[in-house]
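One structure is given here, and the rest of the page talks about it.
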Amino acid sequence: MTMTAAATAFPQGMSETEAVLREALEANGQRYTEQRAAVYRFLLSTDRHPTADEVFTTVRSDLPDISPATVYKALETLVGCGLAVKLTYGDGSARYDARTDPHPHARCLTCGRVVDVPGKLDTQMIDRLGPVHGFAVEGYRLELVGHCEHCVA
């Protein structure tokens, strides 16, 4: 079903974003809730790759009764439904991205800020890496590391 078809399959007044969210949640045995919708809307509205705490702080301005645990569970549900990506790091930190297509990131080693890297990777470069013995590759994650302009200054 196309996104337009999905959007028209739901009650009048529901946005296409809400329709896509509802469809993905229901396809994964999950319920649509306003808390999940608020978290998803925020992720779609930003390119900052927020932490769960940053999502909580922002969403709480619209839903004052939402708890940090509810935000965390909503984020994990969105990841499980394929509507968001969880970017994890060796230090145990995690950031979230509503952009689910394969794309590279740059991460500041000082402040932890994560930004999308413009452009596309040449898929031939990935193919040239060769097969990994005993491993079925399903995708890639490329991260450039360094220091952002604010931390260098």
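The values are calculated or read from the model by the stated rules, or taken from the named source; none is laboratory data. Keep in mind it's a predicted model, so treat the numbers as computed, not measured. Because the Cβ atoms are built from the backbone with ideal geometry, glycine has one as well, and the counts that use them run over all protein chains shown. We work out accessible area using only protein heavy atoms, side chains counted, and drop any ligands, DNA or RNA first. Shrake-Rupley method; radii C 1.70, N 1.55, O 1.52, S 1.80 Å.
Some observations on this one:
- Structure remark: mean-square fluctuation, Gaussian network model of the chain, C-alpha springs under 10 Å; the largest value among 73, 86, 120 belongs to 120.
- Residue with peak Gaussian network fluctuation, the chain [Cα springs, cutoff 10 Å], from 123, 57, 88: 123
- Taken along the Cα-to-beta-carbon direction at a fixed 7 Å, the label points for residue 145 and residue 94 span 2.0 nm.
- Note: relative contact order over the chain, using C-alpha pairs below 8 Å and six or more positions apart, is 18 percent.
- In the context of the full set of protein chains, the chain has a per residue accessible area of 64 Å² (1.4 Å probe).
- 5 Å-binned pair-distance histogram of the chain (Cα, whole percent): 2, 8, 16, 17, 18, 16, 12, 8, 4, 1, 0
- Mean projection area, nm², convex hull over Cα of the range 54-133: 7.7
- Under the combined filter of DSSP loop state and at most 13 neighbouring Cβ atoms within 10 Å, the range 9-115 retains these chymotrypsin sites (Phe, Trp or Tyr not before Pro): 89.
- Listed residues 22, 99, 31, most fluctuating in the chain (Gaussian network, C-alpha, under 10 Å): 31
- Sum of -39500 (n - 2.57) over DSSP H runs of 4+, divided by residues of the chain (222 nm, nearest 500): -11500 deg cm²/dmol
- For the chain, the carbon plus sulfur part of the accessible surface works out to 53%, probe radius 1.4 Å.
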